[in-house]
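First up is the structure itself, then whatever we jot down about it.
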Amino acid sequence: MGYAWPPHEAPLTEVLVVDDSKVMREMIVACLRAEVGLTFEHAASGLEAIERLSLKPFSLVVLDLNMPDIGGIEVVEFVRSQDTLRDLPIIIVTTRGDEGSRSKALLAGASRFMTKPFTPEGLLAEVRSLLGQGHARPQ
């Protein structure tokens, strides 16, 4: 039997999934699809993500760092510079596992940083944490 997360919230929660790989976008959605109350939109580039974020509200962004036009760090910096988006939770999911990339993403304002490959359970736990407790930047 399914359950809604966070508890006691009926409205759907819109997640923007941003990755230049269609397969990776579909994998992320597949990992999160079982979570009742989540709906998804896709963006294939950083520019497309910024356009979508400017047009409608989202509850969470799952974002790759490596994209051909505007990279994930620049998207995070854009989000944090906008009053209406400043507290939007952002999970970075990337192949870059080095400490420099992690530090740069978190300093720019990413809420969480995960490396590919990731486990579905790990991603779901991060989403639940951010949506259930509000935006909390790591220290």
Extreme residue, positive dipole direction of the chain, given options Ala125, Thr94, Gly72 (C-beta unit charges): Ala125
Quick check on the exposure proxy: order Ser81, Ser59, Ser111 from fewest to most C-beta atoms within 10 angstrom. Ser81, Ser59, Ser111
Specify the angular offset, from 0 to 90 degrees and rounded to the nearest 10, of the alpha carbon long axis of helix 72-81 from the longest principal axis of the alpha carbons in the chain. 70 degrees
Which distance in nm do the two modelled labels at Leu107 and Val36 give, with both placed 7 Å along the Cα-to-Cβ direction? 4.4 nm
From the helices alone, meaning DSSP H stretches of at least four residues, give me the mean residue ellipticity at 222 nm for the chain, per-run term -39500 (n - 2.57), in deg cm²/dmol to the nearest 500. -12000 deg cm²/dmol
Give the relative contact order (percent, whole number) for the chain; include only Cα pairs under 8 Å separated by 6+ residues. 23 percent
Across 5 Å bins from the origin, how do the percents of Cα pairs in the chain run, short distances first? 2, 10, 22, 26, 22, 13, 4, 1, 0
What trypsin sites (Lys or Arg not before Pro) does the range 48-139 have in DSSP loop regions with at most 15 other beta carbons within 10 Å? Arg86
Does anyone have the angle between helix 99-108 and the longest principal axis of the chain? Alpha-carbon axes, 0 to 90°, nearest 10? 70 degrees
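Coordinate-derived values only; no laboratory data. These numbers come from a predicted model, not from an experiment. Cβ: placed from backbone, ideal geometry, glycine included. Neighbour counts: every protein chain shown.
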